[in-house]
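Undergrad: There's a structure below that I have some questions on.
The values are calculated or read from the model by the stated rules, or taken from the named source; none is laboratory data. A quick note: this is a predicted structure, and the numbers were derived from the prediction, not measured. Neighbour counts are summed over all protein chains in view; Cβ atoms, including those assigned to glycine, are modelled from backbone coordinates with ideal geometry.
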Amino acid sequence: MTKEAKLHSNVIITNHIVDEVNKLLKQYENRSIFVFTDINTTNFCLPILSDLFKDHSISFFEMQPGEDNKALSTVVEMWNFLGENGADRKSLVIQIGGGLLTDIGGFAASTFKRGMDFVNIPTTLLSQVDASVGGKTGFNYNGLKNEIGVIRQPNLVIIDPIFLKTLEKEHLISGYGEMIKHGFIFDKSHLNVLLNQKIEQTNQEELAGLIRRSIEIKDHFVHIDPNEKGIRKALNFGHTIGHALESLFIAHHSHPQHGYAVAWGIISELYLSNIKFGLSLDVVEEYSTQIINIFGKPPVEIDDSHFEQLLRWIAKDKKNDGKKINFTLLSEVGEFAINQGASQEEIIASLHFLIKKIKESNEI
């Protein structure tokens, strides 16, 4: 039986992006409007709306893409741009891009003059199913993902699958990392649909339905617990180890898409769920094999020499309570427990399991 999850956030899922943005611009026609993009969205996504923007006085800010630019220096550039172009608390920032852009731009808008309106138009699958709902904004600091930030909901999110036509396959698959997480913690049928069809072969109507279901699941948790004090932590499944893996890859000058790191983190945390909650090992093996088949192997060959550093990153995770490392773990698919501790030995065992699954995939 499918669990009920309603959409509470101010999200519009549409096949008529131009009409929806036109309505938005009319609401702010006597105010200063700013559009944030990165180079990729300027080239591939902005043209869809460019004719509409010609009729309005809009200031455009373009950031450099890539995780290295999710930094305080970019936030300062955004603040300077807003200040130099006369932004005030009644102005509007429209963000057209992926989760990196909406995270950092949302932080800039949330803090400039103590907060101004901002609207997200997510253009990647990952940003549509993850960054679109929840209000998390921020940037990387001291080598740690999203170390500095605030939680502030966008005034509106407008999602149109048309932007996904501009994406390469790896960006589509990255979005799948967050979507399968939603299935693991809430809806087994959603999970199985995702794992048994190829994202690049999914038509736009089907994809819109899958996107809506994932957003409904995420919003279910966000609506109950907007500030992540309790049940919203379920959405961190796969992320405690996933973020540490992501930091490892960045340290080795490799930057896989975020959803890939989450997927590899899920494999380790499925095994932890077996150790701590008795999640069936057959289930762990089956799903882990499916995940590896979709996401492949990490760009850095993980071995014992990395464990000490990975443990340090895991110990610094934002979800921890003091020295207690917190995980969201599963007793079965769709049934989770938050704030679950694990010893270093158990975490290392889960990393060994991930390495085992990677090696098995190499032997096929």
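Undergrad: Can you name the residue in the range 29-38 that is crowded, with 18+ Cβ neighbours inside 10 Å and of a type outside the set (S, T, N, Q) and, of all such residues, is farthest from the chain's Cα centre (by Cα)?
TA: 33
Undergrad: State all residues of the range 39-73 that are over 20 Å from residue 91 (Cα atoms) and either in a loop (DSSP other than H, G, I, E, B) or under 19 Å from the mean Cα position of the chain (by Cα) (or both); if no residue qualifies, say none.
TA: Selection gives 40, 41, 45, 64, 65, 66, 67, 68, 69, 70, 71.
Undergrad: Still on this structure: Pairs please, first residue from the range 250-277 and in contact (Cβ under 8 Å) with a residue 60 or more places away in the chain and more than 22 Å from residue 199 (Cβ to Cβ), second anywhere and part of a helix (DSSP H, G or I) and not aliphatic (A, V, I, L, M), Cβ atoms under 6 Å, 6+ apart in sequence or on different chains.
TA: These pairs meet every condition: 268/350; 271/350; 271/353; 272/350; 275/346.
Undergrad: Here is a check on your reading of the model: is residue 4 outside the structural domain of residue 141 (by TED's automatic domain parsing), modelled with pLDDT under 95 and not hydrophobic (A, V, I, L, M, F, W, C)?
TA: Values: outside the structural domain of residue 141 (by TED's automatic domain parsing): yes; modelled with pLDDT under 95: yes; not hydrophobic (A, V, I, L, M, F, W, C): yes.
When the stated conditions are applied, residue 4 passes them.
Undergrad: Just to be sure before I move on: is residue 235 buried (at least 24 other Cβ atoms within 10 Å of the Cβ), aliphatic (A, V, I, L, M), in the same structural domain as residue 340 (by TED's automatic domain parsing) and in a helix (DSSP H, G or I) in the structure I sent?
TA: Working: buried (at least 24 other Cβ atoms within 10 Å of the Cβ): yes; aliphatic (A, V, I, L, M): yes; in the same structural domain as residue 340 (by TED's automatic domain parsing): yes; in a helix (DSSP H, G or I): yes.
Criteria met by residue 235.
Undergrad: Looking only at the range 147-180, which residues are without any contact (Cβ under 8 Å) to a residue 40 or more places away in the chain and either within 12 Å of residue 127 (Cβ to Cβ) or out of contact with any helix residue (DSSP H, G or I) (no Cβ under 9 Å at 6 or more places or on another chain) (or both)?
TA: 168 - this is the single residue of the range 147-180 that is without any contact (Cβ under 8 Å) to a residue 40 or more places away in the chain and either within 12 Å of residue 127 (Cβ to Cβ) or out of contact with any helix residue (DSSP H, G or I) (no Cβ under 9 Å at 6 or more places or on another chain) (or both).
Undergrad: Only residues that are without any contact (Cβ under 8 Å) to a residue 60 or more places away in the chain and either over 19 Å from residue 353 (Cβ atoms) or in contact with a Leu (Cβ under 6 Å, 6 or more places away or on another chain) (or both): list them for the range 308-322, please.
TA: 312, 315, 320, 321, 322
Undergrad: The conditions are (1) at pLDDT 95 or above; (2) under 16 Å from residue 17 (Cβ atoms), and residue 59 fails exactly one of them. Which is it?
TA: (2)
Quick grid of which residues meet (1) surrounded by fewer than 16 Cβ atoms within 10 Å (Cβ to Cβ); (2) in contact with a Gly (Cβ under 9 Å, 6 or more places away or on another chain):
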site	(1), (2)
315	yes, no
319	no, no
328	no, yes
334	no, yes
338	no, yes
341	yes, no
347	no, no
354	no, yes
359	yes, no
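Undergrad: Among the listed residues 143, 149, 135, which satisfies the condition of being surrounded by fewer than 22 Cβ atoms within 10 Å (Cβ to Cβ), more than 30 Å from residue 284 (Cβ to Cβ) and more than 16 Å from the chain's Cα centre (by Cα)? Quick ask: steps written out before the conclusion?
TA: Values: 149 fails: more than 16 Å from the chain's Cα centre (by Cα); 135 fails: more than 16 Å from the chain's Cα centre (by Cα).
Matching residue, one of 143, 149, 135: 143.
Undergrad: Quick test for you: out of 126, 82, 144, pick the one residue that is more than 25 Å from residue 170 (Cα to Cα) and touching a residue at least 12 places away in the same chain (Cβ under 8 Å).
TA: Details: 126 fails: more than 25 Å from residue 170 (Cα to Cα); 144 fails: more than 25 Å from residue 170 (Cα to Cα).
When all the criteria are applied, what remains is 82.
Undergrad: Something else about it: Does the range 83-95 hold any residues that are small (Gly, Ala, Ser), at negative phi and either under 23 Å from the mean Cα position of the chain (by Cα) or not in a helix (DSSP H, G or I) (or both), and which are they? Give the steps one after another, and end with the answer.
TA: So the first thing to find is which residues in the range 83-95 are small (Gly, Ala, Ser), and the list is 83, 86-87, 91.
Checking the rest, the ones that are also at negative phi come to 83, 87, 91.
87, 91 - these are the residues of the range 83-95 that are small (Gly, Ala, Ser), at negative phi and either under 23 Å from the mean Cα position of the chain (by Cα) or not in a helix (DSSP H, G or I) (or both).
Undergrad: Turning to a different aspect of this structure: Given the criterion more than 28 Å from residue 346 (Cα to Cα) and either charged (D, E, K, R) or in the same structural domain as residue 287 (by TED's automatic domain parsing) (or both), identify the matching residue among 211, 158, 241. Working first, answer last.
TA: Details: 158 fails: either charged (D, E, K, R) or in the same structural domain as residue 287 (by TED's automatic domain parsing) (or both); 241 fails: more than 28 Å from residue 346 (Cα to Cα).
211 is the lone residue from the list that is more than 28 Å from residue 346 (Cα to Cα) and either charged (D, E, K, R) or in the same structural domain as residue 287 (by TED's automatic domain parsing) (or both).
Undergrad: Name the one entry in 80, 30 that is more than 30 Å from residue 210 (Cα to Cα) and in a helix (DSSP H, G or I).
TA: It is 80.
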